[in-house]
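Notes follow the structure.
The values are calculated or read from the model by the stated rules, or taken from the named source; none is laboratory data. Nothing here was measured: the structure is a model prediction, and the numbers come from that model. Positions of Cβ are backbone-derived with ideal geometry, glycine not excepted, and every protein chain shown enters the neighbour counts. In case anyone asks, the SASA skips ligands and DNA or RNA and just uses the protein heavy atoms, side chains included. Shrake-Rupley method; radii C 1.70, N 1.55, O 1.52, S 1.80 Å.
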Amino acid sequence: MGLQGLCRLMSRFNSYKRTNIILQHLKMSNHTDAAAEVLLERKGCAGVITLNRPRFLNTLTLGMIRQIYAQLKKWEQDPKTFLIIIKGAGEKAFCAGGDIRALSEARNTNQKMLQDLFREEYILNNAIDSCQKPYIALIHGITMGGGVGVSVHGQFRVATEKSVFAMPETAIGLFPDVGGGYFLPRLQGKLGYFLALTGFRLKGRDVYTAGIATHFVDFEKLGMLEEDLLALKSPSKENIADVLETYHAKVIKKMSPTSLKITLRQLMEGSSKTLPEVLIMEYRLSQACMKGHDFHEGVRAAEAFERCLCSLAKSPEVPALLLSRLGETPAMVNPAIYHFACT
């Protein structure tokens, strides 16, 4: 074999060796990812916690609690980490709670595990509450029990239309723990008492309305929100809040400003009137609205939107400009209607 042939052989051998090493690394990486119950990563300016048990609805184990707590404390002291994001793997659940089956099975075999799990879980809950870095929980999907504990005590909680919140512990002979005795009675009215005693599920926007979440974001935009948060450079709490606010969907912004003012005054006035007096007031309101332009524009926009939906069903080629125009609603407030309604 000549020198040239030897060089070719050595090149093939080195190429084979490199390929084999890469394959081994990939195999190890896949095995690690598959086995890791929680993923802890630094991405951009943020520390990202991913609860990684999608088959089990990302339920918490003692090992996960210990890993999250240790990493949380490290990121809290790291000058290059400006915020912490926690989310669940898959689309079904953020975290459906603690691994209650493992807890029950440990009753006769590992009493110490039962003590350690509850103690260390509560310590983690407190650490999240006192965390010096902004803590953002993306509570998409099922969020119950222990999942509430690793989210609700954070500074920011983002719900989506598929969020499902509940504290169902009374159904399994327990009580709403993970700080339930703190945050539930602080919800408006007696809602927290109702949620604690019944295990009732709040869904979608109700999770935000109840005060469990601080923001509501459409699920399809959740990935973009995370990217924008990770792209921040040395962000402050205010910078983070601004990003969240740009994605936050408030239903009230889509309403007619005139109708909002009229409705608010209608309710305030109606609270001290008899039914006949209210009906007389509402008749006068209806006639004022008929003379204005918001009602007629609102009907026109609703009909146009309905036509657009029908067109979409038939053809996906509806111009984007048309869709954006349909989202526009009149923002003119007519003071005359407002005055007429309440005199």
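The criterion of being part of a helix (DSSP H, G or I), at pLDDT below 90 and not charged (D, E, K, R) holds for Thr258.
When region 252-275 is filtered for residues that are open to solvent by 100 Å² or more (accessible area, probe 1.4 Å) and in contact (Cβ under 8 Å) with a residue 12 or more places away in the chain, the ones remaining, listed by number, are Lys254, Lys261. Restricting attention to region 198-220, the residues that are more than 11 Å from the chain's Cα centre (by Cα) and open to solvent by 40 Å² or more (accessible area, probe 1.4 Å) total 7.
Scanning region 228-246 for residues that are out of contact with any Asp or Glu (no Cβ under 9 Å at 6 or more places or on another chain), of a type in the set (A, V, I, L, M, F, W, C) and more than 30 Å from Gly44 (Cα to Cα) turns up nothing. Looking across region 233-251, the residues that are farther than 28 Å from Ala302 by Cα and surrounded by fewer than 12 Cβ atoms within 10 Å (Cβ to Cβ) come down to Lys233, Ser234, Glu238. So which of Arg284, Arg307 ends up being at pLDDT 90 or above, of a type in the set (Lys, Arg) and either over 25 Å from Lys250 (Cβ atoms) or open to solvent by 100 Å² or more (accessible area, probe 1.4 Å) (or both)? Of the residues listed, the single one that is at pLDDT 90 or above, of a type in the set (Lys, Arg) and either over 25 Å from Lys250 (Cβ atoms) or open to solvent by 100 Å² or more (accessible area, probe 1.4 Å) (or both) is Arg284.
Among the residues of region 103-147, those identified as within 21 Å of Glu226 (Cβ to Cβ) and hydrophobic (A, V, I, L, M, F, W, C) are Ile128, Cys131, Ile136, Ala137, Leu138, Ile139, Ile142. Only a single item in (1) surrounded by fewer than 18 Cβ atoms within 10 Å (Cβ to Cβ); (2) outside any helix (DSSP H, G or I); (3) touching a residue at least 12 places away in the same chain (Cβ under 8 Å) is not met by Thr170, and it is number (2).
Can you name the residue in region 46-67 that is part of a helix (DSSP H, G or I) and out of contact with any helix residue (DSSP H, G or I) (no Cβ under 6 Å at 6 or more places or on another chain) and is also surrounded by the most Cβ atoms within 10 Å (Cβ to Cβ) among such residues? Filtering first and then ranking leaves Met64.
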